[in-house]
Amino acid sequence: MALSETFLWGGATAANQCEGAYTEGGRGLANVDVIPHGADRSAVMRGTMHMTELDKEHYYPALEGIDFYHHYKEDIRMFAEMGFKVFRLSIAWSRIYPKGDETEPNEEGLLFYENVLKECKKYGIEPLVTITHFDCPMHLITEYGGWKNRKMVEFYKRLVITLFTRYKGLVKYWLTFNEINMILHLPFMGAGLLFEEGEDQTKAKYLSAHHELVASAYATKLAHDIDPENKVGCMLAAGEYYPYSPLPEDVWEAKKKDRDNLLFIDVQARGYYPNYAWKKFEQMGIELNMTEEDKRILRENTVDFISFSYYSSRCITTQEGVGETIGNAFKGTKNPYLKVSEWGWQIDPLGLRITLNSLYDRYQKPLFIVENGLGAKDELIEDEEGNLTVNDDYRIEYLREHIKALKQAVEEDGVELLGYTPWGCIDLVSASTGEMSKRYGFIYVDKKDDGSGTIKRYKKKSYDWYKKVIESNGECLD
Ligand code: BGP
């Protein structure tokens, strides 16, 4: 059995990492704008160093991104030429509601996305829209405390009603929150949380996540009410935890670590907090202030499908003296059997098959891989015809092995998979490091870590390779 003819091949981006044009079209300032490149980035992303406005000492790569705002026609044309069936993009909340608490949306912002969506439709590309990919208007953070405040649910509802109404017929696939579990790791970047010294961060994170989960359930309801054709998904930073050894304590630790992530998806896919979550909250003294209405809305509005990012499996031990590693903000134990990327992220294609099977076993809902890829340094060279390109065989190799794994999950294990959108189909700013040199794309963008460069686009070797993959519906991977 091959992949279905309707399998959605494509690529993924996020507004904050590619759009730029941060002051154009009436857009307001957002958390993602003020995350600088350099030494302070990590503390700002974690919410321990407060950065609520731009200063002259730092360089902020999101402000220009790769200027997708002005290049979207050219970029979508290149995606179409590769044969994309789907394009994942996100909405910058502060383009639609610049401060976040206005009652009327900003027409210029709405028009921008309408044009982008129409451009996709022109080529028969199905948009997959992330409603919030890490971004939150700054005013909602400074005035209300970001997602710590229940009022955010109302502001988010206002946003989604605007989007579902305006883009009815243009968009069918929606994701409510990108990598919802990232709130535990990078809470300012993920949910606009700032912490005071001595504040119980864990409590604040789970309370904020609860508000997001309720908002996500409302969005699911509204999406279905406004257009029954809409399909809404949750989005998890996934990757199965392996026990470092068969020591039962290691196996138990891996299970607990998996639950830390799956907790959110358990709520979004099943409609209620699992028992292990309530026990955890009890032990940690966490109060969610759950109302009867919250319970009802969560239960009645579960997601239609489960989407996730997968870069790597994870590994964990209770033993001391074993090497550590980090990948996509998750710290863990170094798996001695895996190779790593130039940024130390472990590479494990079989882990994708394992993750797909685990998620499908647990939820029995269609899955969507909305991020996967290799962040690598690329060198722009001249080919025989004098065109500038990149020989990115390492990227092809990574993607080939992951596509083989996803095909096995579908064809041999019976997992239901809607599509595959590799991350950063065009080079964009790295979320974790703010670098341009950590590249994922099929399309090279001439821009350096310090912001210099022409931002011209060039096709890499992987561009033609992926085009053949799509053309053959995943049969031709050479
Ligand atoms: C995920 C984010 C993306 C993206 C990706 C790659 O966590 O959803 O926004 O950036 O990771 O990570 P990085 O850019 O740090 O290499």
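The values are calculated or read from the model by the stated rules, or taken from the named source; none is laboratory data. Keep in mind that this is a model prediction, so the values were computed, not measured. Glycine also receives a Cβ, built like all others from the backbone with ideal geometry; neighbour counts cover every protein chain displayed. These area figures cover heavy atoms from the full protein model, side chains too; ligands, DNA and RNA do not enter into them. Shrake-Rupley method; radii C 1.70, N 1.55, O 1.52, S 1.80 Å.
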Practice prompt. Quickly run through segment 79-115 and pick out the residues that are closer than 30 Å to Ser452 by Cβ and surrounded by fewer than 20 Cβ atoms within 10 Å (Cβ to Cβ).
Written response: Ala80, Glu81, Glu108, Asn115
Item to complete: Being within 16 Å of the ligand (Cβ to nearest atom) and either hydroxyl-bearing (Ser, Thr, Tyr) or within 23 Å of Ser4 (Cα to Cα) (or both) is the filter here, so list the residues in segment 391-413 that pass it.
Response: Tyr394, Tyr398, Leu399, His402
Response to the item:
Condition set hydroxyl-bearing (Ser, Thr, Tyr) and outside any loop (DSSP other than H, G, I, E, B), scope segment 305-343, selection most open to solvent (accessible area, probe 1.4 Å): answer is Thr325
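Name the strands (runs of 3 or more DSSP E) wholly inside segment 389-478 in which the number of residues that are among the basic types (Lys, Arg) and under 18 Å from Val370 (Cβ atoms) is 1 or more. Full working, then the answer.
Values: elements: 417-420, 443-445, 457-459.
Because the criterion is at least 1 residues that are among the basic types (Lys, Arg) and under 18 Å from Val370 (Cβ atoms), no strands (runs of 3 or more DSSP E) in segment 389-478 meet it.
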Item to complete: Could you please let me know if Ile470 is within 15 Å of the ligand (Cβ to nearest atom), under 24 Å from Val129 (Cα atoms) and of a type in the set (A, V, I, L, M, F, W, C)?
Response: no
Worksheet item: Among the residues of segment 2-12, is there at least one that is surrounded by fewer than 20 Cβ atoms within 10 Å (Cβ to Cβ) and either within 14 Å of the ligand (Cβ to nearest atom) or under 19 Å from Gly424 (Cβ atoms) (or both)?
Response: no
Discussion item. What's the total number of residues in segment 449-465 that are open to solvent by 20 Å² or more (accessible area, probe 1.4 Å) and either within 19 Å of Asn391 (Cβ to Cβ) or within 16 Å of the ligand (Cβ to nearest atom) (or both)?
Written reply: 7
Practice prompt. Kindly provide the set of residues from segment 139-154 that are of a type in the set (A, V, I, L, M, F, W, C) and more than 20 Å from the chain's Cα centre (by Cα), ordered by number.
Written response: Leu140, Ile141, Met152, Val153
Discussion item. For segment 148-166, which positions are surrounded by fewer than 18 Cβ atoms within 10 Å (Cβ to Cβ) and of a type in the set (A, V, I, L, M)?
Written reply: Ile161
Item to complete: Name every residue in segment 13-42 that is more than 16 Å from the ligand (Cβ to nearest atom) and aliphatic (A, V, I, L, M), in order of residue number.
Response: Ala21, Leu29, Val34, Ala39
Worksheet entry | Residue list for segment 344-357, restricted to those being among the small types (Gly, Ala, Ser) and open to solvent by 30 Å² or more (accessible area, probe 1.4 Å) | none
Discussion item. So in segment 167-188, with the set limited to residues that are open to solvent by less than 10 Å² (accessible area, probe 1.4 Å) and in a helix (DSSP H, G or I), which one is nearest to the ligand (Cβ to nearest atom)?
Written reply: Met182
Fill in: Qualifying residue in segment 16-26 (condition: hydrophobic (A, V, I, L, M, F, W, C) and in contact with an Asp or Glu (Cβ under 6 Å, 6 or more places away or on another chain))
no
Worksheet entry | Answer residue from segment 360-378, given it is closer than 23 Å to Val469 by Cα and not in a loop (DSSP other than H, G, I, E, B) and is nearest to the ligand (Cβ to nearest atom) among those | Glu371
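Identify, from the list Asp393, Asp413, the residue that is more than 16 Å from Asp464 (Cβ to Cβ), surrounded by fewer than 16 Cβ atoms within 10 Å (Cβ to Cβ) and modelled with pLDDT of 95 or more. Talk me through it step by step, then tell me what you get.
Details: Asp393 fails: more than 16 Å from Asp464 (Cβ to Cβ).
From the options Asp393, Asp413, the qualifying one is Asp413.
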Item to complete: Test each condition in (1) modelled with pLDDT of 95 or more; (2) within 30 Å of Ile403 (Cβ to Cβ) for Met49 and report the one that comes out false.
Response: (2)
Worksheet, complete the sentence: Flagged pairs (Cβ under 8 angstrom, 6 or more apart or on separate chains; first in segment 122-146, of a type in the set (Gly, Ala, Ser); second within 16 Å of the ligand (Cβ to nearest atom)) are Gly146/Asn31; Gly146/Cys136; Gly146/Ala191; Gly146/Gly192
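Is there a residue in segment 379-390 that is open to solvent by less than 10 Å² (accessible area, probe 1.4 Å), within 15 Å of the ligand (Cβ to nearest atom) and within 30 Å of Glu19 (Cα to Cα)? Even if it seems obvious, please write down each step before you answer.
Of segment 379-390, the ones open to solvent by less than 10 Å² (accessible area, probe 1.4 Å) are 390.
Next cut, within 15 Å of the ligand (Cβ to nearest atom) only: none.
Scanning segment 379-390, I find no residue that is open to solvent by less than 10 Å² (accessible area, probe 1.4 Å), within 15 Å of the ligand (Cβ to nearest atom) and within 30 Å of Glu19 (Cα to Cα), so the answer is no.
Within segment 32-43, is there a residue that is in contact (Cβ under 8 Å) with a residue 24 or more places away in the chain, acidic (Asp, Glu) and under 23 Å from Val129 (Cα atoms)? Break it down into steps so the answer makes sense when it comes.
Restricting attention to segment 32-43, the residues satisfying the condition of being in contact (Cβ under 8 Å) with a residue 24 or more places away in the chain are 32-38, 41.
Okay, now just the ones that are also acidic (Asp, Glu), so 33.
Restricting the remaining residues to those that are under 23 Å from Val129 (Cα atoms) gives 33.
Checking segment 32-43: at least one residue is in contact (Cβ under 8 Å) with a residue 24 or more places away in the chain, acidic (Asp, Glu) and under 23 Å from Val129 (Cα atoms).
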Worksheet item: Only one of these conditions is not met by Ala277: (1) touching a residue at least 24 places away in the same chain (Cβ under 8 Å); (2) open to solvent by less than 30 Å² (accessible area, probe 1.4 Å). Which number is it?
Response: (1)
Worksheet entry | Search result, residues across segment 157-215 that are of a type in the set (Gly, Ala, Ser), touching a Cys at 6+ places or on another chain (Cβ under 9 Å) and either in contact (Cβ under 8 Å) with a residue 60 or more places away in the chain or under 18 Å from Lys231 (Cβ atoms) (or both) | Gly192
Worksheet entry | Answer from Gly419, Gly434, Gly424, Gly441 - the residue that is open to solvent by less than 10 Å² (accessible area, probe 1.4 Å), more than 16 Å from the ligand (Cβ to nearest atom) and within 23 Å of the chain's Cα centre (by Cα) | Gly419
